[in-house]
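A.B. asks: Before I ask anything, let me first share the structure, which is written out below as structure tokens.
Since every read-out is calculated from the coordinates, none of them should be taken as a lab result. Keep in mind it's a predicted model, so treat the numbers as computed, not measured. Here Cβ is always computed from backbone atoms with ideal geometry, including for glycine, and neighbour counts include all displayed protein chains.
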Amino acid sequence: MYDDDHILKAKIELLNKTNMVDYAMDIHKSLYHTEEVPQDMVERRVEVVARLKSQEEAAAPLVAFLQNAAAVQELRADKQYNLQMLNEKYQIGSVQIEALYQYAKFQFECGNYSGAADYLYQYRALCTNSERSLSALWGKLAAEILMQNWDIALEELNHLKEIIDSKNFASPLNQVQSRIWLMHWSLFIFFNHDNGRTLIIDLFNQDKYLNVIQTSAPHLLRYLATAFVVNKRRRPQFKDFIKVIQQEQHSYKDPITEFLACVYVNYDFDGAQKKMRECEEVILNDPFLCKRVEESNFSTVPLRDEFLENARLFIFETYCRIHQRIDMRVLAEKLNLNYEEAERWIVNLIRGSKLDAKIDSQTGTVTMEPNHPNVYEQLIDHTKALNGRTYKLVSQLLEHAQAQAAR
């Protein structure tokens, strides 16, 4: 999409805001085909090296202690005991612990994410300041994301979520902001983790987080909608999500959410066909949705292909609920396929027991078999989410009671 020189200039601009001066110098040399670098880069490097040495010296006593396996075994779960023991036996106090935080942050800015993650983990084990500890956890999450340690990053994300959900913030707005940050950062994990398509629904579709999306970050509906389209196991929750799409369709528009509105709200199949083409373009240009099979374990096929396959199935299923006999040519047009492709696609559905229908090749029609819903299946469907809803209701009641008690 962009030429190499344009990308290299953008990288230098981005790196200028960090301490990764050597990396910026290497890119400058590649961009301008020279071994010379600007004087400001040279001066910046001298400054960064001097600060690194200063930070290293300040944190050295605690770093040396943490590298001593025998000494580390003296630490306990009681942070107050640890602080007293460190001060009495090793002359390490709050100044050195704070220096470790600053040193970890500086390592992060230098691009040493592994070192930063280790130091932040050790800092949190000693820190007694809850705000500082929370900041360190954000840094640890960022470092794991940048190292693409998706399983560990997921653990840190869940830990962070627990803190955000249970912490007493100075203002409800701060809690909302933290949830917005958490959801944005989570996209890196969910669109790279093996179980990402399920995990994103688990987080984004919770009432607290869905409310935040609707009020403050509606653009995140694109990712939740995509996860629902490619996740066939979440159909009961999908019905509730369509209601959200219906509520938000006048305040937020996105080709993916509009596609769902066309199919399930407005029954506009011509509009759905058009939106499906736009969805393909959106997926190809979205940094999270454009994942390919060699870059991610998110799917066994490119996400675009899986999305389009399920999108056609959505159109077909909904169209068949309205019509008992369907002209194959009309159906092919609705599915954005030619006649032969549409016929082959429907045959595969019938063979896979996903469709109870017959194809009449002479008349070029598909006849749907009558489907009488089983009353027991209906009862099971309606009660499937009862446990989850009860849990949510009890949680809301407890939160309300705690808020009243705090007042």
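A.B. asks: Report the label-to-label distance for Glu13 and Ile359 in nanometres (one decimal), using points 7 Å from each Cα along the Cα→Cβ vector.
C.D. replies: Label-label distance for Glu13 and Ile359, simple model: 5.2 nm.
A.B. asks: Can you find, among Gln122, Leu199, Asn158, the residue sitting farthest towards the positive end of the charge dipole of region 86-237, where Lys and Arg contribute +1 and Asp and Glu -1 at Cβ?
C.D. replies: Going by the Cα projections, it comes out as Leu199.
A.B. asks: Quick one: net charge of Ser166's neighbours, Cβ under 13 Å, K/R +1, D/E -1?
C.D. replies: That sum, taken over residues with Cβ under 13 Å, equals +1.
A.B. asks: How high is the relative contact order of the chain, given as a whole-number percent (alpha carbon pairs under 8 Å, six or more residues apart)?
C.D. replies: Dividing the mean separation by the residue count of the chain yields 8 percent.
A.B. asks: Right, next: Before anything else, pin down the relative contact order of region 38-147: Cα pairs under 8 Å, at least 6 apart, normalised by residue count, whole percent.
C.D. replies: 23
A.B. asks: Once Rh is set to the Kirkwood radius over Cα pairs, what Stokes-Einstein translational diffusion coefficient, in µm²/s, holds for region 1-82 at a temperature of 4 °C and a viscosity of 1.567 mPa s?
C.D. replies: In µm²/s, the coefficient rounds to 81.
A.B. asks: Something else about it: Using the Cα gyration tensor of region 204-336, with a ≥ b ≥ c the square roots of its eigenvalues, what is the shape: rounded (a/c below 1.5), prolate (a/b larger than b/c) or oblate (neither)?
C.D. replies: oblate
A.B. asks: Take the Cα radius of gyration of region 38-147 and divide it by 2.2 N^0.38 Å, with N its residue count; two decimals is plenty.
C.D. replies: So region 38-147 has a normalised radius of gyration of 1.14.
A.B. asks: Dividing the Cα convex hull volume of region 90-191 by residue count, how many Å³ per residue is that?
C.D. replies: For region 90-191, the hull spanned by Cα atoms encloses 104 Å³ per residue.
A.B. asks: If I model a spin label as a point 7 Å beyond the Cα along the Cα-Cβ vector, how far apart are those points for Asp327 and His400 in nm?
C.D. replies: 5.5
A.B. asks: Once you place label points 7 Å from the Cα toward the Cβ at Ser166 and Lys232, how far apart are they in nm?
C.D. replies: 3.9
A.B. asks: Please report, in debye to the nearest 20, how large the charge dipole of the chain is about its Cα centre when each Lys and Arg carries +1 at its beta carbon and each Asp and Glu carries -1 there.
C.D. replies: In debye, rounded to 20, the chain gives about 1360.
A.B. asks: Would you please classify the overall shape of region 323-368 from the alpha carbon gyration tensor, given that a ≥ b ≥ c denote the square roots of the eigenvalues, rounded means a/c under 1.5, and beyond that prolate means a/b larger than b/c while oblate covers the rest?
C.D. replies: The shape class here is oblate.
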